[in-house]
Amino acid sequence: MELKMQSLPAFKLVVWTLLTLVSLHFGSGAKCGTNSPTVKQTQVGFNNPPKFMVEVQNNCPMCPVINIHVKCGSFSKALVNPKLFKVLAFNDCVVNGGLPLGPLQKLSFNYSHQKYLMYPTTWYFQCE
Ligand SMILES: *[C@@H]1O[C@H](CO)[C@@H](O)[C@H](O)[C@H]1NC(C)=O
């Protein structure tokens, strides 16, 4: 019986936590749909090395997005201001220091190097 008395609050906590996580998840998903952030690259310089313009966009019309991590290969930290795009590790770069991009907001920077393939891996929508 002792066991039952002790485990009940813990069980409630687990259920409450799960419900909260699930509702947060659906709250974000419902407002942003499939509007994941995108990383677009356009070649703007044709010398050697070539120059690329990178545009990271929050495509959600309703909510800010935070903590956008990008798969970035061996991107060199010397190529761009880390406030915009910070190299954390191989294949792990973070956009805007993890700070929010507003709904439909775009962040852009250029780098001069052979092209690095980049695409977003994780992010969080901050929906109400
Ligand atoms: C990137 O390069 C393009 C083309 O040269 C230029 O129009 C744009 O202003 C540059 N962007 C930044 C953030 O320097």
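Summary of computed values
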| item | result |
| --- | --- |
| Distant-in-sequence amide H partners of Leu99 (H built 1.01 Å from N, under 5 Å) | Asn67 |
| Environment charge at Leu107 (Cβ cut-off 14 Å; Lys +1, Arg +1, Asp -1, Glu -1) | +3 |
| Unsatisfied cross-links (Cα-Cα over 26 Å) in the set Lys31/Lys86; Lys31/Lys77; Lys40/Lys86; Lys31/Lys83; Lys31/Lys106 | Lys31/Lys86; Lys31/Lys77; Lys31/Lys83 |
| Interchain or long-range residues, amide H under 5 Å from Thr121's placed H | His69, Val70, Lys71 |
| Whole-Hz couplings from phi, Karplus 6.51/-1.76/1.60, listed for the range 42-49; x for Gly and Pro | 10, 6, 10, x, 10, 7, 10, x |
| Amide H within-cut-off set for Cys63, under 5 Å, with H built and near neighbours excluded | none |
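All of the numbers you see were taken from the coordinates with simple rules; none came from a lab. Since this is a predicted model, take the numbers as computed values, not measurements. Methodologically, a virtual Cβ is constructed for each residue, glycine included, from the backbone with ideal geometry; neighbour enumeration extends over all protein chains shown.
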